Structures are given as structure tokens and as C-alpha cells.
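Trainee: What follows is a single structure, and I will ask about it in a moment.
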Amino acid sequence: RFDTLACLVAAWLARNQKPLIFYCCTMKLNTRNEMTELLTLFLLLLQCNLRASAFSLKSPPSSTTTSSKPQLEQIKSAPAFSKPASKQKSFLQRVDQFLTKLQNPKEQRNGYLYLQGNYAPVSQEHTNVPVEVVSGKIPPGLDGIFIRNGPNPDVTLSNQKNYHWFDGAAMLHSLRLRNGQAFYTNQFVPSARHTIEKELGAEYFTTLGEFKGLPGLVKAILSYALAREYISDLNTVAPPNTACLMYNDKFYCLNEGNIPFECKLLPDGRLEPVGYETFDGTLDFPISAHPRIDQKGDLLFHSYTINKEIIEEQGTMKVGRYCSDQQKVVSYFVPTEEKGYTSFAHNLVFTDNYSIVWDCSVHFDVRAMFDEGSFFRATPDHNLRFGIVPKSATSREETVWIDTGGPGALVHPLNSWEDDDENIVI
């Protein structure tokens with residue numbers, strides 16, 4: 001089965017994904033015989049110049065074609081959809097489903113911690129349901145909304161795939177407080193990804209939980225092309241399921257693999273999609289789920305990427321500042337020259353004068369897919385570094401990187417400030 005699959009996949013890749021193939025072949029996988037054989041076959045097929053037309057395969061669709069589906073047109077400033085959601089399966093989709101069967105997701109999901117108990121997915125959406133106050137009373141002057149965003153797999157979809165805690169469609173749970181009363185609403189965030197999968201009635205896009213073993217590696221190679229069959233901008237594919245942000249009277253749902261997805265909050269707590277925020281076309285890189293608003297009202301943001309195309313073009317990390325006074329992005333650049341690895345830089349902190357990012361010892365490593373563990377891998381020989389970025393900086397040269405002298409990692413720091421001696425404390 002692998003030989004047949006390898007031939008078909010490699011033939012398609014020979015036409016469309018050469019850089020990814022050569023990247024995969026440079027990895028240290030010599031201890032995995034089957035992987036070495038598969039990658040060798042890829043190279044042989046490339047050398048023989050097999051053409052995709054022999055298998056009636058198609059190149060990635062143009063990003064300028066838009067869908068005529070009414071549901072998709074609601075996402076007004078979303079990326080161009082290459083074609084309407086179709087029940088007819090493409091070659092890539094058939095290959096992907098074959099790989100899914102090899103991974104046996106039913107067994108993987110059965111008993112998986114983050115699909116049980118308090119983490120179990122919610123299947124029903126509610127709108128403006130009155131909430132009983134069991135003790136005391138809600139102050140009548142308290143007017144606002146409390147919102148939680150998080151991953152929630154849509155169990156109504158078929159073709160369920162391997163699951164990771166960070167997977168799952170974004171779902172907002174909101175508690176609306178007004179006139180001494182409380183109302184509960186929960187709703188799937190109507191992102192491009194979830195809208196398309198609802199149209200298809202099945203999970204379509206690659207999940208983080210699938211990145212394991214040989215089938216996982218092939219899925220990783222094919223994931224961008226699979227996504228581009230429906231979404232042209234890869235910075236809008238991930239589910240916006242990590243956090244939310246209110247800024248400039250706009251409400252955003254966030255995921256560090258995406259640019260922000262804006263929704264309008266209706267009075268009953270429901271969401272109306274507006275589209276993906278690019279700050280007047282400036283954003284060409286994902287934004288983390290935790291941008292910060294500083295004392296002046298400026299938005300400080302950063303993120304990282306594992307997209308090899310973006311890494312080759314720009315780098316693995318980017319930082320920026322949106323100025324509230326000028327109402328535009330005034331700083332946006334890559335703070336490090338490193339392109340050989342991607343560090344898990346989930347968050348940032350800031351002081352009066354600086355944004356602070358980090359390059360930690362936890363990296364995204366394809367080799368980890370063969371260790372029955374996460375694609376996050378600790379690299380003890382890599383020291384934790386902090387990048388001190390002046391808020392006024394506009395170039396990499398102005399960033400100061402401080403090596404801590406040893407390995408380390410962090411996800412959510414508490415705070416940072418400058419003391420009286422101008423030391424930065426984190």
C-alpha cells in the first residue's frame with residue numbers, strides 16, 4: 001500500500017511541491033528504513049521527471065477565484081476560496097482519507113484525555129439562554145460580556161481525524177450581563193475552515209494530531225496543497241480557537257497560525273463573521289494568540305511559523321506594533337536571522353520601552369513524529385534566549401538577543417517591567 005501511495009504522491013509532488021520534498025530529504029531520518037526508502041523514491045521520481053498529467057492530477061488552484069456559495073460569501077474580507085465546497089473528492093482528498101484510515105483515528109480518539117470529562121466537545125449551540133442566579137444578585141449597573149474561546153471538535157462531521165488538544169473548531173462561550181440578568185450563548189466561530197467543513201459535512205483540513213509516523217509525514221507534506229484546494233491564503237487555515245481580543249472596537253478570534261479573524265458580536269451573544277484582519281494589507285505573517293495592548297493603547301504582536309515557504313522568504317518569527325494614534329502598523333520585521341529551526345514562541349511580554357520575545361529550547365521537529373510523542377521536541381543543546389525589541393525599532397539590527405546560558409522554555413509569563421536601575425525583569 002505504501003509503495004502505491006508513494007508513487008502517486010511523489011508524482012504529484014514532482015510537479016507542485018519540489019522545495020518541500022528536498023527539505024524533507026535533508027532531515028536525519030537514516031534510522032527509519034521505510035522513511036529513507038520513501039524519500040529515495042521521491043527523489044528518483046523527480047529525477048525521472050514524472051509529470052502529474054499522467055495521473056490526471058491538477059496544480060494548486062488560482063487564489064483569485066471566489067466561491068459562489070452564499071455561506072462563504074458572508075466572510076466578506078476572508079481569503080479567496082478556490083472553489084465551492086464539493087462532495088466530489090479530489091485526488092488529494094482521496095489520498096488524505098487513505099492516510100487517515102492507516103492512522104486509525106477511532107482508536108486514537110477513544111479514551112483521549114482532551115476529549116473526555118470537562119474537555120469533552122459540546123455538540124449543541126445555544127442562543128441567549130437565561131441563566132439562574134443561585135446565590136446573591138447581579139448588580140444592575142453591571143453591563144458587559146464574559147467570553148471564553150477554545151477548541152471544540154464538531155462531532156457532527158464525518159471523517160474524524162487524529163486529534164491533538166490544540167485541534168478542534170473554535171467555539172465561543174459567552175455570558176452576557178445586563179440589567180441584573182445573565183444570558184448564555186455558545187457558538188462555533190464561523191471561520192473559513194469550519195464553514196467549508198460544514199459544507200462538506202466532514203473534517204477536511206489537516207490536524208495537528210495527524211502528524212505522527214510515516215502517514216503523518218506524507219500528510220504534512222500534502223497539507224498546504226490540500227488546504228489550497230479551498231483556501232488560498234495559508235495564514236487563514238488554522239482554527240481561531242486559542243484566545244480572543246477586543247481592540248479598536250473590533251472583536252478578534254485568534255490562533256498563532258493565523259492572522260486575526262474578526263467577528264461582530266450581536267446583542268444576543270451570537271457572532272457575525274466580518275473577515276480576516278490584515279491591517280490594510282500589511283499582515284503577511286501569522287499573529288500569535290496573545291498580542292498585548294500597552295499603556296499608550298498600541299497593539300504589540302508577534303508570531304512564528306513552520307511554513308517553509310514563508311521561512312525561506314522572510315524567517316521563522318516576526319514582530320510588529322500597531323500605533324493607536326496613527327491607526328496603522330508602524331513597525332513590522334523579522335527580529336532574528338535564524339531559519340534552521342522554529343522555536344515555540346507562544347507569547348510575548350512588554351515594558352515601558354520594549355517588547356520581549358524569546359527563542360526557547362522547544363522546537364517543532366518532524367523527527368519527533370516517529371517517537372510516538374509530540375511534534376514539539378526539547379533540544380537541550382539549545383539555550384533559551386530573550387529578544388529585547390525597542391518599541392521604536394524598525395529593523396532586525398535594533399534587536400538585542402540575550403543568551404541565558406542554558407536550556408529552557410516558557411509559555412505564559414506573568415509580567416515584565418523596568419526597575420529603577422534600568423534592568424528588565426521578567
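Trainee: One residue is enough: does region 348-365 have a residue meeting the conditions charged (D, E, K, R), more than 29 Å from Phe211 (Cβ to Cβ) and touching a residue at least 60 places away in the same chain (Cβ under 8 Å)?
Mentor: Taking every residue of region 348-365 in turn, at least one turns out to be charged (D, E, K, R), more than 29 Å from Phe211 (Cβ to Cβ) and touching a residue at least 60 places away in the same chain (Cβ under 8 Å).
Trainee: Let me ask something additional. With (1) in contact with a helix residue (DSSP H, G or I) (Cβ under 8 Å, 6 or more places away or on another chain); (2) surrounded by fewer than 21 Cβ atoms within 10 Å (Cβ to Cβ) as the list, and Glu210 as the residue in question, which single condition is left unmet?
Mentor: Unmet for Glu210, out of (1) in contact with a helix residue (DSSP H, G or I) (Cβ under 8 Å, 6 or more places away or on another chain); (2) surrounded by fewer than 21 Cβ atoms within 10 Å (Cβ to Cβ): (2).
Trainee: Collect the residues in region 363-408 that are polar (S, T, N, Q), under 30 Å from Gln103 (Cβ atoms) and touching a Pro at 6+ places or on another chain (Cβ under 8 Å), keeping them in residue-number order.
Mentor: Within region 363-408, just Thr379 meets the criteria.
Trainee: Then there's this: Name every residue in region 345-365 that is surrounded by 19 or more Cβ atoms within 10 Å (Cβ to Cβ), of a type in the set (A, V, I, L, M, F, W, C) and over 14 Å from Gly387 (Cβ atoms), in order of residue number.
Mentor: Correct list: Val362 only.
Trainee: Quick one: which residue in Tyr332, Tyr252 is under 30 Å from Val129 (Cβ atoms), assigned to a strand (DSSP E or B), without any contact (Cβ under 8 Å) to a residue 60 or more places away in the chain and hydroxyl-bearing (Ser, Thr, Tyr)?
Mentor: Every option except Tyr252 fails the conditions.
Trainee: If you don't mind, there's one more thing I want to ask. Looking only at region 112-129, decide whether some residue is over 20 Å from Leu271 (Cβ atoms), among the β-branched types (Val, Ile, Thr) and in contact (Cβ under 8 Å) with a residue 40 or more places away in the chain.
Mentor: no
Trainee: So which residues in region 227-248 are out of contact with any helix residue (DSSP H, G or I) (no Cβ under 6 Å at 6 or more places or on another chain), open to solvent by less than 20 Å² (accessible area, probe 1.4 Å) and touching a residue at least 40 places away in the same chain (Cβ under 8 Å), if there are any at all?
Mentor: Within region 227-248, Asn235, Pro240, Asn241, Ala243, Tyr247 meet the criteria.
Trainee: Hey, does region 416-425 have a residue that's under 25 Å from the mean Cα position of the chain (by Cα) and in contact (Cβ under 8 Å) with a residue 40 or more places away in the chain?
Mentor: No, that holds for no residue.
Trainee: For region 265-283, does any single residue satisfy the condition of being in contact with a helix residue (DSSP H, G or I) (Cβ under 6 Å, 6 or more places away or on another chain) and open to solvent by 20 Å² or more (accessible area, probe 1.4 Å)?
Mentor: Checked region 265-283: no residue is in contact with a helix residue (DSSP H, G or I) (Cβ under 6 Å, 6 or more places away or on another chain) and open to solvent by 20 Å² or more (accessible area, probe 1.4 Å).
Trainee: A follow-up question, please. Return the total of residues in region 402-426 being surrounded by 16 or more Cβ atoms within 10 Å (Cβ to Cβ) and not in a loop (DSSP other than H, G, I, E, B).
Mentor: 1
Trainee: Just to be sure before I move on: is Tyr341 under 22 Å from the mean Cα position of the chain (by Cα), of a type in the set (Ser, Thr, Tyr) and farther than 25 Å from Gly209 by Cβ in the structure I sent?
Mentor: So Tyr341 fails the test.
Trainee: Taking the condition of being in contact with a Gly (Cβ under 9 Å, 6 or more places away or on another chain), open to solvent by 60 Å² or more (accessible area, probe 1.4 Å) and under 23 Å from His290 (Cβ atoms), how many residues in region 120-174 meet it?
Mentor: Adding up the residues that qualify gives 3.
The values are calculated or read from the model by the stated rules, or taken from the named source; none is laboratory data. This is a predicted model, so every value here is computed, not measured. Note: ideal-geometry Cβ built from the backbone for every residue, glycine included; neighbour counts use all protein chains shown. Side chains included, ligands, DNA and RNA excluded: accessible areas come from the protein's heavy atoms. Shrake-Rupley method; radii C 1.70, N 1.55, O 1.52, S 1.80 Å.
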